[in-house]
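Since the structure comes first, as structure tokens, the remarks are kept for the end.
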Amino acid sequence: MKKGITGILLAGLFLILTGCGTKQVSYEEEKSSSGKDSEVSQEESTGTTLMETLGIEEEWKENVSLDNGKLFHIAAQVSVPDVPKMSLMEVSEYYYTSEDKKRVAEYFLDEGSIQVDVAMVPTKEMLEEEIKLWDKALEGAQEQGMKEDIEVARSEKKKLEGLLNEAPRTDEIELSPGDYKEDYFMGLREGKEYTLNFDINEEEHISQWNLATAHPDEFNETGAMWWLSGNASDNKCTMTKEEAEKMAVQICEELGITGMAPAQVSTVQWGEQEENNGYCIVLGRDNAGVVIKPARYHTKNEMFYRNTELGGKTPYEQECIEIGMNDKGIFWMQYRGILSVDKEGTEIKLLTFEQVKEAFRKEIIGKNIAWPEKEAHNLDLIYFRFMDENQSGKYAYIPVWRLAAYEIEYATGYTASEKDCIMINAIDGSPVDIDEVGGNYYVEPEAVLYNYYDESWF
């Protein structure tokens, strides 16, 4: 459950303007059901790249005939990692402890300035205000006959009411961070005010934190209070893109976050594109020279809010770090879907390109998949995270072929949907159900509040 709804709602309005089960398989030993010749050993092949080893072409053009008489059009550019082989990586969910929170706070903020951000702590007073917000949302949903929103509002209100008895009152909160049992902090860094918020909830599979300047206008010359990432070529920041990437990696390493590498770098645009000043660096986990680019996928389920009580799932976020910086310093950092690496470098064998194409044909024809007025334009070999159905919180990154109608963007927002994205396991040719393996993104239930937001609430 998200805390501090009142504060988050107000902040969220600015941000809007700105910007489980898979089978446990031992792939080292198990052969594809297609037979011995259906896979290629990356060790034994004479090829020096995946393109050579697997017989991959740069483009795949084909019209697949469906049983219903329609055609599935493929005109895809093929993208493959520039490495000689791929391997498995096993990871686990990681939840920050008080010691972790202390380390992050003291890295970013001057130690003597750190204090609890009382305005964000879920006190009795805050919970009572949040319950009122859900009452208003419930009333609006009932007036409009929005059944799903009604269910979500009732469920979230019930959760908050269950927290009231044990919640402290505002005057009972100590400003000193103490043993860092709280999740919300504030302090100074080089004379500038920052907030540092942790959202750690193992029961709901949430593990993330973010650092943000309290005064965005201090980081641009136009006084803009919000920013977004873009592709502008001009940039007032004197740092080069490469220098920003290097600094982002250095920050992660100094925080004890290892194995992360830049996946995407964008120009920071302040306000209504009045000033391009800074970089937004997105980092993903590096697996043997391949950066796992973070992407969010739509859910195909009717209940797309994070809420197990109503049937919505609570999958773990895709791991991603975002850092916003310019010559005046860091103004934003977020780390979500925090992971620890258990094992890496496990040798695997991949299907040849011809067998991969046949697997796609079988899936497309078998399910009569049709994309009206769209073609499959992109085919990428990527690492995709599969959850372990036998061990909660355990996952494996496995090579997967992704056929999509458009180029997938990374890091922020909704980037792909199962309606226009087909995935095939690159090891055994089986279709990948994104939701089943825990890859979908479910919206936080507080999003319902925005459907009925009224300025008079505050």
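From the cross-link list 136/313; 236/343; 101/343; 102/136, which pairs have alpha carbons spaced over 31 Å apart? Table pairs above 31 Å Cα-Cα are 236/343; 102/136. Solvent-accessible area per residue in region 206-285 equals 44 Å², computed with a 1.4 angstrom probe and all protein chains kept. Evaluated with a Cβ-only charge set (Lys, Arg +1; Asp, Glu -1), region 321-452 carries a dipole of roughly 120 debye about its Cα centre, given to the nearest 20.
Counting charges near residue 327 (Lys, Arg +1; Asp, Glu -1) among other residues having Cβ under 13 Å from its Cβ returns a value of -3. Pairs from the list 124/181; 246/394; 132/158 with a Cα-Cα gap above 20 Å: 246/394.
If R0 is 60 Å, the Cβ-Cβ spacing of residue 192 and residue 391 corresponds to a FRET efficiency of close to 0.90. If R₀ is 25 angstrom, what is the calculated FRET efficiency for the pair residue 129 and residue 98, using the beta carbon separation as r and rounding to 0.05? That pair, residue 129 with residue 98, gives E of 0.40. Start at zero, step by 10 Å, and the Cα-Cα distances of region 112-234 spread as 11, 27, 30, 23, 8, 0 percent across the bins.
The residues neighbouring residue 341, those whose beta-carbon lies less than 13 Å from its own, together hold a net charge of -2 under the Lys/Arg +1, Asp/Glu -1 convention.
Summarised in one figure, the compactness ratio Rg/Rh of region 222-329, Cα atoms and Kirkwood Rh, is 1.07. Between residue 258 and residue 204, the contour length at 0.36 nm per residue exceeds the Cα-Cα span by 16.9 nm.
When each of the peptides 204-213, 280-289 is scored by how many other beta carbons lie within 10 Å of its residues on average, the order from highest to lowest is 280-289, 204-213.
The values are calculated or read from the model by the stated rules, or taken from the named source; none is laboratory data. Note that the structure is predicted; figures quoted are calculated from it, not measured. All Cβ positions, glycine included, derive from the backbone under ideal geometry; neighbour counts span all protein chains shown. For the accessible areas, the whole protein counts, side chains as well, though only heavy atoms, and no ligand, DNA or RNA atoms are used. Shrake-Rupley method; radii C 1.70, N 1.55, O 1.52, S 1.80 Å.
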